[in-house]
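Quick note: the coordinates plus some simple rules give every number you see, no bench work behind them. None of these values were measured; they are calculated from a predicted model. Here Cβ is always computed from backbone atoms with ideal geometry, including for glycine, and neighbour counts include all displayed protein chains.
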Amino acid sequence: DNPRTAVPAAVGGNVRVASFNVLNYFTTLDQAGSSCFPSGTVSDCRGANSAAEFARQRDKIVSALRAIDADVVGLMEIENNGQVAVQNLVTALNAAYGASVYAAVGLPAGGTGTDAIRVAMIYKPGRVSPVSAALSDTNPVHNRPPLAQTFAVASGERFSVVVNHFKSKSCGSPTGTNVDQGDGQGCWN
């Protein structure tokens with residue numbers, strides 16, 4: 001039993017910002033013969049393995065995003081295939097609204113990294129406007145580069161959003177200081 005409210009509780013303010021892990025939202029199905037970044041093989045395809053599974057995943061995410069109703073949403077674990085996957089999600093979200101409510105932040109200067117998944121951001125153009133281009137931090141310490149975007153509201157007030165998705169804590173093959181140090185943080189620190 002895990003009762004939940006229909007929508008998040010009001011917290012005040014004039015802009016709603018949220019984050020959402022889309023749990024390997026891949027428009028490329030995980031099937032024999034598929035090709036995903038970075039290897040160009042099926043081994044990097046991490047999403048749904050059938051059209052029905054993908055539709056179920058997309059529909060659940062769209063329903064949740066509509067309930068959250070944020071002006072800006074940072075997304076984690078979206079397929080690193082340019083804007084294809086994020087635009088697919090925006091298109092489905094807008095179809096559920098019956099209007100062009102959301103848009104995707106453009107690819108950042110600096111790139112989206114070398115992992116099969118990346119972070120992305122969507123926003124409501126009717127509520128906020130991007131200021132300049134998005135940026136990413138490509139320091140090799142990041143397995144998935146953080147994405148930063150500055151927005152302005154109608155009053156001219158500006159704010160910046162940074163979305164991160166740190167390396168998974170699964171301890172497959174860490175070396176050196178990334179090995180679990182016994183300090184309670186696990187590996188990959």
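Quick look at the values:
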quantity: Principal-axis tilt of helix 84-97 within the chain, Cα atoms, nearest 10 degrees; calculated: 30 degrees
quantity: Cubic angstrom per residue, convex hull over Cα atoms of the stretch 84-189; calculated: 140 Å³
quantity: Spacing of the two label points (7 Å from each Cα toward its C-beta) at residue 68 and residue 158, in nm; calculated: 2.5 nm
quantity: Rounded, prolate or oblate (a/c below 1.5 giving rounded, otherwise prolate when a/b exceeds b/c) for the stretch 1-150 by Cα gyration tensor; calculated: oblate
quantity: Whole-Å distance, taken between Cα centres, linking the stretch 1-46 and the stretch 77-126; calculated: 11 Å
quantity: Computed label-point distance, nm, for sites residue 60 and residue 95 using a 7 Å Cα→Cβ extension; calculated: 1.9 nm
quantity: GNM flexibility winner over the chain from 41, 112, 91 (Cα, springs under 10 Å); calculated: 41
